[in-house]
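The values are calculated or read from the model by the stated rules, or taken from the named source; none is laboratory data. Keep in mind that what you see is a predicted model, and the values were worked out from it rather than measured. Cβ placement follows ideal geometry from the backbone for every residue including glycine, while neighbour counts extend to all protein chains displayed. All accessible areas refer to the heavy atoms of the entire protein, side chains included, with ligands and DNA or RNA removed. Shrake-Rupley method; radii C 1.70, N 1.55, O 1.52, S 1.80 Å.
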Amino acid sequence: MEEGSFVQVSAMVGWIIGVSYVESQGYQCWIVNPDLDVLSDGTFYTTSSAAMSAGRSFVERFHE
């Protein structure tokens, strides 16, 4: 398993959005919801901004 690095974080009330990077795969978004579940869409993106945008879109859809 390849080692990744944490590259970006953003927070909205009750939610945390993070982006990690693995050299051979790209960027991936991670969400921590108000119940402290860690979620990911499983998609790798070519840029950190694309991964962050996907995370923000997810939160905006499910934010109460």
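When you scan the chain for strands (runs of 3 or more DSSP E) that lie fully inside it, which ones turn up with 3 or more residues that are at pLDDT below 95?
Those strands (runs of 3 or more DSSP E) span 5-12.
Taking the stretch 26-57, which residues are surrounded by 18 or more Cβ atoms within 10 Å (Cβ to Cβ) and under 8 Å from the mean Cα position of the chain (by Cα)?
Listed by number, the residues that qualify are 28, 29, 31, 51, 52, 54, 55.
Determine which member of the set 23, 60 is within 15 Å of residue 10 (Cβ to Cβ), open to solvent by 50 Å² or more (accessible area, probe 1.4 Å) and without any contact (Cβ under 8 Å) to a residue 24 or more places away in the chain.
Criteria check complete, one pass: 60.
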